[in-house]
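Notes to accompany the following structure.
Every number here is computed from the coordinates shown, using simple stated rules; none is lab data. No experiment lies behind these values; they were computed from the predicted model shown. Here the Cβ positions follow ideal geometry from the backbone for every residue, glycine too, while neighbour counts run over all protein chains shown.
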Amino acid sequence: MKVQIEGDLYLESDERQFILKEYTGKQDKDGKDIFKIHGFYGTVQQALKAFTKMKIKQSTAVTLSELVLDINKIEEYISSKITI
């Protein structure tokens, strides 16, 4: 499985784990895409929680109120992408 979360960020899995990784825009000498690994997770929920933390760390909020608004927007964004 390889699912694009947004932009260059992907959630990929193998038989044991879920991998949150980001395409760097570069290729190795063999022409293969190079990815930055953000983490390895046992469940999709853990990977999405890590994605949420990544987005929160990118917040430019300067007050607690702004941070809460940003967190709500991030959670709404994730919810809008998940249709079960």
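Segment 62-84 and segment 28-56 have Cα centres spaced 19 Å apart.
For Lys53, the lysines whose Cα falls under 27 Å of its own Cα, not counting residues fewer than eight places away in the same chain, are Lys2, Lys21, Lys26, Lys36, Lys73, Lys81.
With the helix formula -39500 (n - 2.57) applied to DSSP H stretches of n ≥ 4, the chain reaches a computed 222 nm mean residue ellipticity of -12500 deg cm²/dmol. Mean projected area of the convex hull spanned by the Cα atoms of the chain, taken over all viewing directions: 6.8 nm².
Local charge for Val3 was computed over the other residues whose Cβ lies under 10 Å away, with Lys and Arg +1 and Asp and Glu -1, and equals +1. Extension gain, Phe40 to Lys57, is 4.3 nm, computed as 0.36 nm per intervening residue step minus the present C-alpha separation. Across segment 23-33, computed HN-Hα scalar couplings (Karplus, 6.51 cos²θ - 1.76 cosθ + 1.60, θ = phi - 60°) run 5, 7, x, 10, 10, 7, 5, 8, x, 8, 4 Hz from first to last residue, x flagging Gly and Pro.
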